[in-house]
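What follows is a set of notes on a single structure, which appears directly below.
The values are calculated or read from the model by the stated rules, or taken from the named source; none is laboratory data. Keep in mind that what you see is a predicted model, and the values were worked out from it rather than measured. Glycine gets a Cβ as well: all are built from the backbone with ideal geometry, and neighbour counts include every protein chain shown.
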Amino acid sequence: MTSAQPLAIRAESLVKNYQTDWNGRRRRALDGVSLAVPQGGVCGLVGPNGSGKSTTLKLLAGLLQPDAGMCELLGQPVARTVAAGQVGYLPETPGLPEYLTGEEFLRELAQLSCRRSIDDQIACSLALVGLTAEAKRRVREYSKGMRQRLGLAQAVLGDPTVVLLDEPASGLDPRAADQLGDAIKQLRAQGRTVLLTSHFLPQAEEWCDQLVMLEKGRVVFDGSSAEVADSGGLNKLFLERTGP
Amino acid sequence: MKFPAIRRMWWLVQQALREVMHLRFVWIAGLTALVMIAGVAVLREFNFGAEEKRFLCDYAEATLALWGTVTAIVLNVSVVQGGVERGAWVMAFVRGVRRPEWLISRGLAVGVALAWLTLLGYLVLGLILAWHGHAVLVRELAMAGGRMYLRLALVSSFALLTCAASSGFLMASGLALGLTLAAQLASIVEWAGRHSGTTAGWGWRLLDWLVPAFQVLEAGTPAAYALIYATGYAALYALLACLIFSRREI
C-alpha cells in the first residue's frame, strides 16, 4: 500500500521460526511478511488460526526478535520506540490481577511509565472504554467483556502513538463490540495508529481503513477497505485467498 | 523524559510484594508459627534433660529450613512463572521496563517475604525458649536467624534461575529442588568428585563449584565469610537468571 503520509509501522520481509522440540526442529511462523501502515491509520490483520497474526504483533511490540527482515515503529527501531513508551499493546489473553480494582490495576501500570498526571491518564483510558462506573470494582467481579475492555484501557494508557491490539473483540457481546469500535474510532480521531488482529471479519472491515490478510506466514492480500469492498467483501476474499 | 530506573524498580518491587501478599503469604507465615508452637507443645511432654534447649533450637530451625525452602520455591515460581504465563511481564515490558528489572524486582519481593518469615520464626523460637524457662540470648538468635536467611536467600536465587530458564511450574520447581538438594549434600558431591573416574569426577567437581554448600552457612563458619559466600553465590545466580531471561523467547 502506498501513501503520502509518513509510516507509523513498517515491516520488511519478516521471517520468524519457532523451535518446536529439543532436537532443534523449527516451524516457520512468518515467511517474508511486509507491512506498511501510515500514521493515524487503522490496519486490520486477518487470517486463519496459525497464520502468523499474533507473531507479527509480538515482533512489532518487541516481545520477539525476527530471524530475518526488519521492523520499525515511527521511523525508529522497535526497541527504542517501546522504551520511549510510545507503544500500547493488548495481549491476546491479558493476565489481569484478580485482587485489584480496575483503577488500581491501571494505576500500577501508569506508575511505571506515565509522563503526565496519572489520575488524568486513568480517567481518560477508563472513559474511552466505557468502564468509568466500574473502576472501583475488583477485577474478579468483571465479566469477560469488561476484562477485555480493561485490557484495552491499559493499552491506551500513557498516550501511546502506536496501539497494537491482539484479538481485541474476543469474547465481546455485540454491544461491547460496538463500544470497542467507538473506542477505535476515537483513537483514530486522536491521530493514533492502530494495528489489530481479528477473526471477526465484518467488524474488521468496518473498523479498519487498511486490511492485511495472512495465510501460512505470508501476506496474501494488502489493500484499503475500498479495495476490499470492490473485491466483494472481506469474507469472500478470505474464502478465496486462504486454504481450507 | 526518561522514567528514573530506581523509582521504577521501587514500584515494581511494591507491586510484586502485593502479589506475594495476595498469594496468602500471611497464612503461610502464620501456619509456620503454628506448626512450631504446636510441635513444641507436644515436645513439652518429653524429658530431654540438659539437651532440651539444643533440641528445641534444632527442631525450630529444621522446621524453618524445610518450610522456608518450600516457601521460597513456591513464591518464586508463582510470581515469576505465573507472571510470565499470565502476560503480566508483557504489560510492564511495553512500558519500558527491562526484563532484568522485572525479574530482579520479583526476586527482591520474595527476599523481603523470606526475611519476614525468618524473623517470625526466630521470634517464635525465642518465645518457645522463654516458655520452657531457658535463657534467651538475643544476639545468638539474631546470628542464627541471619544464617537461616542466607540459606533461604540462596534457595530463592536457585528458584529465580530455574524460573528464568525453564517453562512450566513443575520443571522450575523440580530444578530448584534439585539444586537445593545438591547444596544440602555438598559434602557428598565433593567426596564423589574426589573418588570418581576422570569423566564422572569432572562432572561432580563442576557441580561442586557451581552449587554452594549449605554447611558453609552453619555456626562453625565466621559470620563475615558466610555472608560473603552466600551473597556472592546469590548474586551469581541472579545474574545468570537475568542473562537467560533477557535472551529467552517467551
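Return yes or no: is residue B:141 touching a residue at least 40 places away in the same chain (Cβ under 8 Å) and part of a helix (DSSP H, G or I)? If you could, list the steps in order and put the result at the bottom.
Numbers: touching a residue at least 40 places away in the same chain (Cβ under 8 Å): no; part of a helix (DSSP H, G or I): yes.
Spelling it out, it is not the case that residue B:141 is touching a residue at least 40 places away in the same chain (Cβ under 8 Å) and part of a helix (DSSP H, G or I).
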remark   = Scanning the range B:66-90 for residues that are among the small types (Gly, Ala, Ser) and more than 14 Å from every other protein chain (Cβ to nearest Cβ), the one farthest from residue A:94 (Cα to Cα) turns out to be B:68
key: First in the range A:155-167 and under 18 Å from residue B:88 (Cα atoms), second anywhere and assigned to a loop (DSSP other than H, G, I, E, B) and of a type in the set (Asp, Glu), Cβ under 9 Å, 6 or more apart   = A:166/A:92; A:167/A:92
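Is there a residue in the range A:50-62 that is away from chain B (no Cβ under 14 Å), more than 14 Å from the chain's Cα centre (by Cα) and not aromatic (Phe, Trp, Tyr)? I'd like the intermediate steps shown before the answer.
Within the range A:50-62, the subset away from chain B (no Cβ under 14 Å) is A:50-53, A:56.
Those left that are additionally more than 14 Å from the chain's Cα centre (by Cα): A:50-51.
Those left that are additionally not aromatic (Phe, Trp, Tyr): A:50-51.
Yes, because at least one residue in the range A:50-62 is away from chain B (no Cβ under 14 Å), more than 14 Å from the chain's Cα centre (by Cα) and not aromatic (Phe, Trp, Tyr).
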request  = Those residues that are among the aliphatic types (A, V, I, L, M) and at pLDDT 90 or above, I need them from the range A:174-200; list them, please.
outcome  = A:184, A:187, A:189, A:194, A:195, A:196
remark   = Of the listed residues (A:95, A:85), the one being modelled with pLDDT under 90, touching a Lys or Arg at 6+ places or on another chain (Cβ under 7 Å) and crowded, with 19+ Cβ neighbours inside 10 Å is A:85
request  = Being under 11 Å from the mean Cα position of the chain (by Cα), at pLDDT 90 or above and more than 8 Å from residue A:88 (Cβ to Cβ) is the filter here, so list the residues in the range A:151-173 that pass it.
outcome  = A:152, A:165, A:166, A:167, A:168
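Please verify whether the range B:227-239 includes one or more residues that are loosely packed, with under 13 Cβ neighbours inside 10 Å and either farther than 25 Å from residue B:111 by Cα or more than 17 Å from the chain's Cα centre (by Cα) (or both).
If we filter the range B:227-239 for residues that are loosely packed, with under 13 Cβ neighbours inside 10 Å, which is where we start, we get B:228, B:232, B:235.
Retained after the next criterion (residues that are either farther than 25 Å from residue B:111 by Cα or more than 17 Å from the chain's Cα centre (by Cα) (or both)): none.
The answer is no; no qualifying residue exists.
Results for (1) under 21 Å from residue A:191 (Cα atoms); (2) among the β-branched types (Val, Ile, Thr); (3) assigned to a loop (DSSP other than H, G, I, E, B), shown as yes or no for each residue.
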site: A:32; (1), (2), (3): no, no, no
site: A:43; (1), (2), (3): yes, no, no
site: A:66; (1), (2), (3): no, no, yes
site: A:89; (1), (2), (3): yes, no, no
site: A:106; (1), (2), (3): no, no, no
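Counting only residues that are loosely packed, with under 12 Cβ neighbours inside 10 Å and assigned to a helix (DSSP H, G or I), which one in the range B:189-204 is modelled with the lowest pLDDT? Walk me through it before giving the result.
Going through the range B:189-204, the residues loosely packed, with under 12 Cβ neighbours inside 10 Å turn out to be B:194-195, B:197-199.
From the residues that got through so far, the ones that are assigned to a helix (DSSP H, G or I) too are B:194-195, B:198-199.
Details: B:194: 85, B:195: 85, B:198: 79, B:199: 82.
Looking at the filtered set, the residue picked out is B:198.
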task = Scan the range B:6-30 for residues that are in contact (Cβ under 8 Å) with a residue 24 or more places away in the chain and away from chain A (no Cβ under 11 Å) and report the count.
result = 6
request  = Could you pull out the residue among A:68, A:36, A:79 that is more than 9 Å from chain B (Cβ to nearest Cβ), over 15 Å from the mean Cα position of the chain (by Cα), touching a residue at least 24 places away in the same chain (Cβ under 8 Å) and surrounded by fewer than 20 Cβ atoms within 10 Å (Cβ to Cβ)?
outcome  = A:68
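Residues checked against (1) within 14 Å of chain A (Cβ to nearest Cβ); (2) within 17 Å of residue B:152 (Cβ to Cβ); (3) at pLDDT below 95:
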residue	(1), (2), (3)
B:206	no, no, yes
B:234	no, yes, no
B:242	no, no, no
B:245	yes, no, yes
